[in-house]
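Please read the structure below before turning to the comments.
The values are calculated or read from the model by the stated rules, or taken from the named source; none is laboratory data. Worth saying up front: this structure is predicted, and the values here are computed from it rather than measured. In this analysis, Cβ positions are derived from the backbone assuming ideal geometry, glycine residues included, and neighbour counts consider all displayed protein chains.
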Amino acid sequence: QVLSSEMEMVKQLPEEEYESFMEPVKYMQASLPNSIKTTCDEFLINYDDGFTEIPPQKLLHKNWIEKEEVLKDITIRILNT
C-alpha cells in the first residue's frame, strides 16, 4: 500500500510528524522550464477573445516530470488548437 497525504491516518498525525512525513515532497517537485513559462505568457498576452476571463490561479503550473522539450511541444500544440 502506498501512503498518501490524503489518507486519514496521515491526516491525523500530530503536526510535527505530518511535516516530517511530507518533507520528501519538497524535493520531488520539479520546476516548470522557462521556455514553457515564456510560451504560455506569450499566448496569454496575445490571446483575447473578448469575453473569456481566466483566473490567474488557474494559469499556474508547478510540478512537471516531462523533459522541457516535450513540455514545449505539448504546450505549442495545445495553444495552437
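In this entry, Y27 passes the filter for residues that are in a helix (DSSP H, G or I), at pLDDT below 85 and on the phi < 0 side of the Ramachandran plot. When we screen L71, L3, L13 for residues that are at pLDDT 75 or above, assigned to a loop (DSSP other than H, G, I, E, B) and surrounded by 10 or more Cβ atoms within 10 Å (Cβ to Cβ), the only hit is L13. Applying a threshold of 9 Å to beta carbon distances and a minimum spacing of six or more residues, or different chains, the list of pairs starting in the stretch 11-38 at a residue that is in contact (Cβ under 8 Å) with a residue 40 or more places away in the chain and among the small types (G, A, S) and ending at one that is assigned to a helix (DSSP H, G or I) and surrounded by 10 or more Cβ atoms within 10 Å (Cβ to Cβ) is empty.
When F51 is tested against (1) surrounded by 12 or more Cβ atoms within 10 Å (Cβ to Cβ); (2) at pLDDT below 70, only condition (1) is not met.
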